[in-house]
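What follows is a single structure, written as C-alpha cells, with notes after it.
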Amino acid sequence: MVAENGWLCCGSETGEFVAIHLEESNDDNQSGLGFELDAETRQQLGLDGLRDDPLLSLLAQARRSNKSLIAKSMKLAKDRVNCVTLWFPPAILTPSPEAYTEGVAVLANNDRTVVLVSLRDFERSDKTEPLDVVTYPDFVNRAIISPDGQLLIAILDDPYLYVHVRAARSEESPSSPSAADSAGDSKYQWELKQRFLLKSQRKDDRSDSRGSFAACFSSSGAYLAVGTQLG
C-alpha cells in the first residue's frame, strides 16, 4: 500500500491494482493541519503521535469532505502484486527529457513483470492498458523510478539489482499500448543497462534469503539504497 500526492493505491494477491484519488489541500501552510482525525477517533485507533502520516491525512481529508471511499480495481498482472510505488513529474528537479509526463504507478509482480500504469488513464478509463511492461527472470519484489524519471530499478527473488534507463525505442521494438500514445511516451522504452550482484549475495544462491525487498532513491536521485535479507 502507498499514499502520495492525493492517491491511495495497493495491490492484491490475484493481480488486481486498486486505487482511489483523494483530493488534498494545495495550501502548504495547512500541510499536516486540518487533516487530523478527531481526538476520540485517534485515541480509539491508537494513532496519537502519527500526525504527519500521509495515509491518515488522506483518509481524514476524505472523511471531512464526506467523499465516498470506494476504490477502483483492475486486473493488471497474472499473479500477486508484491509492491506498488508511485512516481510523479518532479517539481524541483529537472525531469529527464525521456521521463513520463504524468503520474505513474509501478507494480512489481509475482508473474515476473513490472507493469507501469498511467494514474490519470486508470482513473478515467474503464479499461487501462499499461504504459510499459518489463519482464524479469524471477519474482519482482519492488521497483522504483528515480526522481528525474530516467532510471527504473528492480529487486527480485534473485541476488541482483536490475537497472534500466529510459531510452529511445528502436524501430524493431514493438510499439507501446494506446495509454502510452496518449501520454506521449510511446517513442521511449525501458532498456536494461546493468545488472549488479548485490553485496554478500552469491550467483548460485537458491536459498530463501537470496532476494531483496527494500529500495529507495534519495530525494535528489544521487543515491540509491537497497536492503538485502543477508544484512
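Every number in this text was worked out from the coordinates using simple rules, so none of it is lab data. Only a predicted model underlies this, so the values are computations on that prediction, with no experimental measurement involved. Quick reminder, even Gly has a Cβ in these numbers, built from the backbone with ideal geometry, and neighbours come from all protein chains shown.
Pull up all non-local amide H partners of Arg169: gap of 5 or more, or a different chain, and H-to-H distance under 5 Å with H placed in the peptide plane.
Those lying under 5 Å, H to H, from Arg169 are Tyr188, Gln189.
Using the Kirkwood radius over C-alpha pairs as Rh, can you work out the diffusion coefficient of the stretch 75-231 via Stokes-Einstein at 4 °C, viscosity 1.567 mPa s, in µm² per second?
The Stokes-Einstein estimate is 81 µm²/s.
Sorted by mean Cβ packing within 10 Å, highest first, what order do the peptides 154-161, 195-202, 125-132, 219-226 take?
Highest to lowest by the protection proxy: 154-161, 125-132, 195-202, 219-226.
Ordered by packing density, taken as the mean number of other Cβ atoms within 10 Å over each peptide's residues, highest first, how do 90-102, 139-151, 4-16, 74-86 rank?
So the peptides 90-102, 139-151, 4-16, 74-86, ranked by packing, come out 139-151, 74-86, 4-16, 90-102.
Between their Cα atoms, which of Lys75/Lys187; Lys75/Lys127; Lys72/Lys127 are more than 20 Å away from each other?
Numbers: Lys75/Lys187 25 Å; Lys75/Lys127 10 Å; Lys72/Lys127 11 Å.
Distance filter (> 20 Å) returns Lys75/Lys187.
At 7 Å along the Cα-to-beta-carbon direction for both Lys187 and Met74, put a label point, then send me their distance in nm to one decimal.
So the label points at Lys187 and Met74 sit 2.5 nm apart.
Rounded to whole Hz and in sequence order, give me ³J(HN,Hα) for the stretch 191-205 from the Karplus expression 6.51 cos²θ - 1.76 cosθ + 1.60, θ = phi - 60°, writing x for Gly and Pro.
10, 5, 9, 7, 10, 9, 6, 6, 4, 6, 8, 10, 4, 9, 6
Per residue of the stretch 101-112, what does 6.51 cos²θ - 1.76 cosθ + 1.60 with θ = phi - 60° give for ³J(HN,Hα)? Whole Hz please, x for Gly and Pro, Karplus curve as stated.
9, 8, x, 9, 9, 10, 9, 9, 10, 7, 8, 6
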